[in-house]
Amino acid sequence: MLFQKKIEPRCAYCKRGTPLEGEQILCPKKGVVTPAGSCRSFRYDPLKRVPPLPTAPDFSALKDEDFKL
């Protein structure tokens, strides 16, 4: 879910963090940090969070008989 109550704090989707080039975040409290970092002043911004890509279904176990009516 995108709007959970208990979200793991990460600088990548903190309201105070500003993304820099590469994989770095500029934090007003800690300076330049990694996206996986966090601090006590974390504020969640749901618009910055990118959900993970869905997994591709595995159809290798299905047979042609499974698709006939």
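Brief remarks follow.
- Scanning the stretch 11-69 for residues that are part of a helix (DSSP H, G or I) and surrounded by fewer than 10 Cβ atoms within 10 Å (Cβ to Cβ) returns Asp64, Glu65, Asp66, Phe67.
- Looking across the stretch 12-37, the residues that are under 21 Å from Pro52 (Cβ atoms) and touching a Cys at 6+ places or on another chain (Cβ under 6 Å) come down to Gly17, Ile25, Pro35, Gly37.
- Residue tally, condition under 16 Å from the mean Cα position of the chain (by Cα) and among the charged types (D, E, K, R), over the stretch 30-69: 4
Taken together, the values in this text are just the output of simple stated rules run on the coordinates, not laboratory data. Predicted model only: the values in this text are computed from it and were never measured. So basically every Cβ, Gly included, is an ideal-geometry build from the backbone, and we count neighbours across all protein chains shown.
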